[in-house]
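Trainee: Sharing a structure, written as structure tokens. Questions coming.
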Amino acid sequence: MGYRANISKTTQKKAFDRTGGICIVCGRPLSRNQAKWSVDHFIPRAVYKWVPGRKIQRTIESPENLYIVHPHCNFRKGSSLPTNQLISSLHAEEDVKENMRALYKKVEDKVIQYRAIKQSTLDSQHKKCGNCGRRLSLGDAVLRRIDDEQDRVRENAICLCERCNTRICSKKRKQKLAEKHAAKNAEETEKRKSSKQQKGPDSHEKKARRP
Ligand SMILES: [Zn+2]
Ligand SMILES: [Zn+2]
């Protein structure tokens, strides 16, 4: 997904020139028409939103983190986050890749923290979309808040598939999602409780008391 908001045409042009007008993801030439460009953050903005810090925000918002790609190409395809392996696979001159590696190294610990939040959220959902229940890989999962009024913390995190993420954007739908999530959690807690009781030391007593 490309972001264009608040990025000046000059900055975009610089990013275009840095790769010689080549889409770094697929290696094919980009259109000269700026309207057809998609501006992608190599290190996604989501990282500093979930793992806040001034330094990391500055790095991610810096022009060196911007690349022009085709609208259907983006860094997240098939891999959830930047890695040195991803950088090696890109279509760019070695000096461009060297810059990317240096940028990544600066924020690597934060990226790892972000990935851990995402992984633990997805694991708690048994690797399924928190809305439709479809099986989900870490790369395809979108990490977002259950309740947008609350902070971005693990307790308020949910992993959705791309489709559900785009669909659930109205307030009403978000509310529904939060309710669904709360009900599911309550159900799981109840399940855990009852299985504990069955195995628990007082289970005989309880059985005996039944008529
Ligand atoms: Zn491309
Ligand atoms: Zn879904």
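Derivation of every value follows stated rules applied to the coordinates shown; laboratory data play no part. On a predicted model such as this, the values are computed, not experimentally measured, just so you know. Glycine also receives a Cβ, built like all others from the backbone with ideal geometry; neighbour counts cover every protein chain displayed.
Trainee: Size of the dipole of the chain about the Cα centre, Lys and Arg at +1 and Asp and Glu at -1 on the beta carbon, nothing else charged, in debye to 20?
Mentor: Dipole magnitude for the chain comes out near 880 debye.
Trainee: Report the charge-dipole magnitude of region 125-193 in Debye, nearest 20, computed about the Cα centre from +1 at each Lys and Arg Cβ and -1 at each Asp and Glu Cβ.
Mentor: Using only the charged Cβ atoms, the result is roughly 300 debye.
Trainee: Another question, then. Helix 171-199 sits at what angle to the longest principal axis of the chain, using alpha carbons and giving 0 to 90 degrees rounded to 10?
Mentor: Approximately 40 degrees, to the nearest ten.
Trainee: Once phi is turned into θ = phi - 60°, what whole-Hz ³J(HN,Hα) does the Karplus curve with 6.51, -1.76 and 1.60 give for every residue of region 53-64, x standing for Gly and Pro?
Mentor: Those phi angles translate into x, 5, 5, 5, 5, 4, 4, 5, 8, 6, x, 5 Hz.
Trainee: Quick check on the chain: helices-only [θ] at 222 nm, where DSSP H runs of length 4 and up contribute -39,500 (n - 2.57) each and the sum goes over total residues. Nearest 500, please.
Mentor: Working: 8 runs with 102 residues, N = 211.
Computed ellipticity for the chain at 222 nm equals -15000 deg cm²/dmol.
Trainee: Now a separate question. For the chain, I need the span (max minus min coordinate) of the C-alpha atoms along each principal axis, in Å, sorted largest to smallest.
Mentor: Per principal axis, max minus min of the Cα coordinates gives 81, 34, 31 Å.
Trainee: Over every pair of different alpha-carbon atoms in region 125-193, take the mean of 1/r and invert it; report that Kirkwood radius in Å.
Mentor: Values: mean 1/r = 0.0803 Å⁻¹.
After inverting the pairwise mean of 1/r, the radius is 12.4 Å.
Trainee: For region 120-164, compute the orientation-averaged projected area of the C-alpha convex hull (one quarter of its surface), in nm².
Mentor: Mean shadow area of the hull around the Cα atoms is 2.9 nm².
Trainee: Next question. Starting with the fewest neighbours, write out LYS172, LYS97 ranked by other beta-carbon atoms found within 10 Å of each beta-carbon.
Mentor: Least crowded to most crowded, the residues run LYS172, LYS97.
Trainee: Can you tell me the length gained on complete extension of the stretch LYS180 to GLU162, counting 0.36 nm per residue apart and subtracting the Cα distance?
Mentor: 4.6 nm
Trainee: To continue, here is another question. Quick check: the angle from helix 94-124's long axis to the longest principal axis of the chain, C-alpha only, nearest 10 degrees?
Mentor: 10
Trainee: Report, ordered by chain and residue number, the aspartates and glutamates lying within cross-link reach of LYS184, taken as a straight Cα distance under 18 Å and ignoring same-chain residues fewer than 8 apart.
Mentor: By straight Cα distance, LYS184 reaches ASP123, ASP147, GLU155.
Trainee: Just to verify a number: FRET efficiency for ARG192 and ARG152, C-beta to C-beta distance, R0 = 41 Å, to 0.05?
Mentor: Approximately 0.95, to the nearest 0.05.
Trainee: Taking the alpha-carbon distance from LYS9 and a cut-off under 27 Å, which lysines remain once sequence neighbours fewer than 8 residues away in the same chain are dropped?
Mentor: Answer for LYS9, where 27 Å is the Cα cut-off: LYS36, LYS49, LYS55, LYS77, LYS97, LYS106, listed by chain and number.
Trainee: What value does region 1-109 have for Rg/Rh, both radii from Cα atoms and Rh as Kirkwood defines it?
Mentor: 0.93
Trainee: Please list, by residue number, everything in region 87-110 whose backbone N is under 18 Å from a paramagnetic label point 7 Å out along Cα→Cβ of LYS55.
Mentor: So the set is 101-110.
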